[in-house]
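Remarks on the structure that follows.
The values are calculated or read from the model by the stated rules, or taken from the named source; none is laboratory data. Fair warning: this is a prediction, and the values are worked out from it, not measured in the lab. Every residue, glycine as well, gets a Cβ built from its backbone with ideal geometry; the counts of neighbours run over all protein chains shown.
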Amino acid sequence: MLTDCRECKTRFRADKLEYPKEYDSAEAAIATHAIACPNCGSKDLTEPRPFLTMLRTRLGAAADEEDYLSLAYLRPETAQGIFINFLLVQQAMRRKLPFGIAQIGKAFRNEVTPGNFVLRTREFEQMELEYFVKPGEDEGVLDEWVERYLDWYTGYGLSRDNLRLVEVEERERAHYSRRTVDVYYRFFPERDTEEKQWEELMGIAHRSDYDLKSHSKNPADDEGKRLNPDSTEDLSYFDDPTKQRFYPYVIEPSAGVNRSVLAFLMDAYTERTNDKGEKRVILKLHPELAPIKVAVLPLARNKPEIVALAQRIKRDLQPSMRAVYDDTGGIGKLYARQDEIGTPACVTVDHQSLEDEAVTVRDRDTWEQERVPVAELLEHLKKRLGVRC
Ligand code: GAP
């Protein structure tokens, strides 16, 4: 339910507003003007109205026959495609429980309050994993996934101090969830109170057998009510060793890609002052996340032999890693540019390279330089960057 402030026109979810203890609900408090707008303080809030949280559209070819177009909704989570395809994937891949299906893709929501940079947009990217387990064997699985995701985020550069776990209370959980643990990231370190610094990065939910049953033709909810009378499929799983048929439970890690990328960028962002007292930005991205792995730079762009050697080196590296060539400035500027976009290594070709077939490899984080024979360069970089090719 949504309410609008008549004074400042800000819109709020009614269930998120704090209300005086003597009222049963925010809605009751709004009716007697007992809630002040969190934005401007006015007590003139509109009567709460239902809000459509999914994005609705109409599908069909004939644009002038509006009535014949069928109603369709854009997916608000990537998860449902996985549930629908659960049996197909399980049988085609000959999987036994437990196993998971992961997907990355767009999701769309008619957000009440979009904004906050990329944190809440109407179109965003999710990466979700539905991990199917036998009921009774689900104990501890959610916590294992929490640990694996913490390891994954810290392994790619997030500081553990900037991550926090929140056990979501029952009244805050989605309708399908038996338990949810959210991972929060410190997106707003500049805010004055600790509480305001955090925003959700991802959630890990126990969805029980809710979704597979909901998509099946013979769904038995706990009261025996048919959940989906339109379904023609049954998504139950047959366990060969025990000859049992059942609906698996699902543990679902669901992460926002946009929020994750922002978190990786924030933790990677560092500043350093060079010998001349100038401030430089270094984006200390994990090499696997760095969009460019190596930049090959000629020390003198007006010397054709140096340019030719640098371009040859770049071409030789390209099949193995993303390499670029740049000669559009002095070497200091070229290094600074690569530091700022997170390129872990720069290779400089100089006059001496023409004689000894060796180049200088410069490290983004330490600015240390090392002379490496061109013949050993690829292996050297692979080892240094740990990049999977
Ligand atoms: N299938 C479960 C699910 O969708 P969710 O908590 O609603 O759970 C998962 O979404 C993640 O998707 C969130 O933790 C967040 O990172 C991201 N997310 C959700 N809504 C978003 C939005 N409007 N803009 C950007 N990211 C969003």
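Tell me which residues, restricted to segment 333-359, are β-branched (V, I, T) and loosely packed, with under 15 Cβ neighbours inside 10 Å.
Going through segment 333-359, the residues β-branched (V, I, T) turn out to be 341, 343, 347-349, 359.
None; the set is empty.
Against the condition more than 14 Å from the ligand (Cβ to nearest atom), surrounded by 11 or more Cβ atoms within 10 Å (Cβ to Cβ) and touching a residue at least 12 places away in the same chain (Cβ under 8 Å), how does E130 come out, does it pass?
no
Is there a residue in segment 258-268 that is closer than 27 Å to M127 by Cβ, small (G, A, S), in contact with a Lys or Arg (Cβ under 7 Å, 6 or more places away or on another chain) and modelled with pLDDT of 95 or more?
We begin by selecting, within segment 258-268, every residue closer than 27 Å to M127 by Cβ; these are 258-268.
Then drop every residue that is not small (G, A, S), which leaves 260, 263, 268.
From the residues that got through so far, the ones that are in contact with a Lys or Arg (Cβ under 7 Å, 6 or more places away or on another chain) too are 268.
Now restrict to residues that are modelled with pLDDT of 95 or more: 268.
Among the residues of segment 258-268, at least one is closer than 27 Å to M127 by Cβ, small (G, A, S), in contact with a Lys or Arg (Cβ under 7 Å, 6 or more places away or on another chain) and modelled with pLDDT of 95 or more, which makes the answer yes.
Looking at R95, R75, R49, R109 in this structure, which one is surrounded by 14 or more Cβ atoms within 10 Å (Cβ to Cβ) and over 30 Å from P135 (Cα atoms)?
None of the other options fit; the residue is R109.
Just one of the numbered conditions (1) away from the ligand (no atom under 16 Å from the Cβ); (2) exposed (fewer than 14 other Cβ atoms within 10 Å of the Cβ); (3) not in a helix (DSSP H, G or I) is not true of S42; which one?
Single failed check for S42: (2).
For residues in segment 107-120 being within 15 Å of R75 (Cβ to Cβ) and modelled with pLDDT of 95 or more, which is nearest to the ligand (Cβ to nearest atom)?
Restricting to residues being within 15 Å of R75 (Cβ to Cβ) and modelled with pLDDT of 95 or more, the top hit is R109.
Please enumerate the residues belonging to segment 52-83 that are more than 14 Å from the ligand (Cβ to nearest atom), within 29 Å of the chain's Cα centre (by Cα) and either of a type in the set (F, W, Y) or at pLDDT 95 or above (or both).
Result: Y73, single match.
For I104, all conditions in the list (1) under 32 Å from the mean Cα position of the chain (by Cα); (2) modelled with pLDDT under 90 hold save one; what is the number of the exception?
If we test I104 against (1) under 32 Å from the mean Cα position of the chain (by Cα); (2) modelled with pLDDT under 90, just (2) comes out false.
Among (1) in contact with a Leu (Cβ under 8 Å, 6 or more places away or on another chain); (2) surrounded by 15 or more Cβ atoms within 10 Å (Cβ to Cβ); (3) at pLDDT below 90; (4) in a loop (DSSP other than H, G, I, E, B), there is one condition F12 misses while meeting the rest; what is its number?
The single condition F12 does not satisfy is (4).
For R362, indicate whether it is surrounded by fewer than 17 Cβ atoms within 10 Å (Cβ to Cβ) and either part of a strand (DSSP E or B) or more than 16 Å from the ligand (Cβ to nearest atom) (or both).
no
If you go through segment 148-171 one residue at a time, do you hit one that is assigned to a helix (DSSP H, G or I), within 15 Å of the ligand (Cβ to nearest atom), under 15 Å from the mean Cα position of the chain (by Cα) and touching a residue at least 60 places away in the same chain (Cβ under 8 Å)?
Within segment 148-171, one or more residues are assigned to a helix (DSSP H, G or I), within 15 Å of the ligand (Cβ to nearest atom), under 15 Å from the mean Cα position of the chain (by Cα) and touching a residue at least 60 places away in the same chain (Cβ under 8 Å).
Hey, could you check segment 225-266 for residues that are away from the ligand (no atom under 16 Å from the Cβ) and not in a loop (DSSP other than H, G, I, E, B) and say which is farthest from F187 (Cα to Cα)?
The selected residue is Q244.
Tell me, which residue of segment 172-205 that is part of a loop (DSSP other than H, G, I, E, B) and under 18 Å from R259 (Cβ atoms) is farthest from the ligand (Cβ to nearest atom)?
E190
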